[in-house]
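What follows is a single structure, written as structure tokens, with notes after it.
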Amino acid sequence: MRNLATMADFVLETRDLVKEFKGFVAVNQVSLGVQRGHIHALIGPNGAGKTTVFNLLTKFLIPTSGSILFNGHDITHEKPAQVARRGIVRSFQISATFPHLSVLQNVRIALQRATGTSLHFWRSEHSLNVLNDQAMALLDTVGLSAFADSLAVELAYGRKRALEIATTLATEPELMLLDEPTQGMGHEDVDRVTQLIKKVSANRTILMVEHNMNVVSSIADTISVLQRGQVIAEGPYATVSQDPQVLEAYMGSTDHELEGAHG
């Protein structure tokens, strides 16, 4: 049962995480527990501290105080490359696609990184063909197999995000951090990417910052709501969406405004 989670169930934990910038407290005593195999969403109004938390987790920032644990190991002071090797991958870190290479080539390059041959640019095209089957399998997973020979620059926005998820999956992450995966999308692309996230979450853990409450309500197991750098509510959508503090955080919003809120 999920409500009987033990410490061992958490793939990622933060304990009393604090980040100050010249006296401004951007993250204030944040303690999170991300359960293995779950989709955990981090939401909140603008300036709530969500991106700062992500930057702390991926080591682009060092916390002022507090600790971060991954699979029980203290990674608070590790460098970005170290936590990436542990299996924590943030979507944008490795998903800057090469616009004038094909979709297949983009995924193959990501697979090269995973096999340690990413700098072997002198290798022949033929020698890399062994990765094609694996790359095509990833493209099939994200619904892009029909676009394998298309240039990345030619993809519609939603499909570009699907390609980014494919390149992220190529690194075989244990924990995927998705930073606003549906931002700027129309309804059709939002639906496609939402279903894709749900599909790829089957064998891994996902922590996501997301503004679209319809997305969060449909796929998140647990939601943590930040306001002014603090967690003000946590739980399933049905619980947090009725929390008075959460409703007030979204500017005294109605349910309709909460569903469409920008965080």
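General observations
- Members of the stretch 9-66 found to be within 21 Å of Glu174 (Cα to Cα) and acidic (Asp, Glu), listed by number: Asp9, Glu13
- Qualifying residues in the stretch 186-221 (those that are buried (at least 20 other Cβ atoms within 10 Å of the Cβ), touching a Leu at 6+ places or on another chain (Cβ under 9 Å) and not hydrophobic (A, V, I, L, M, F, W, C)) - the one nearest to His38 (Cα to Cα): Thr205
- Entry remark, the stretch 167-194: residues being hydrophobic (A, V, I, L, M, F, W, C), without any contact (Cβ under 8 Å) to a residue 60 or more places away in the chain and out of contact with any Pro (no Cβ under 8 Å at 6 or more places or on another chain) number 3 in total.
- Breaking point among (1) in contact with a Gly (Cβ under 8 Å, 6 or more places away or on another chain); (2) modelled with pLDDT under 90; (3) of a type outside the set (Asp, Glu), for Thr254: (1)
The values are calculated or read from the model by the stated rules, or taken from the named source; none is laboratory data. For clarity, every value in this text was computed on a predicted model and none was experimentally measured. So basically every Cβ, Gly included, is an ideal-geometry build from the backbone, and we count neighbours across all protein chains shown.
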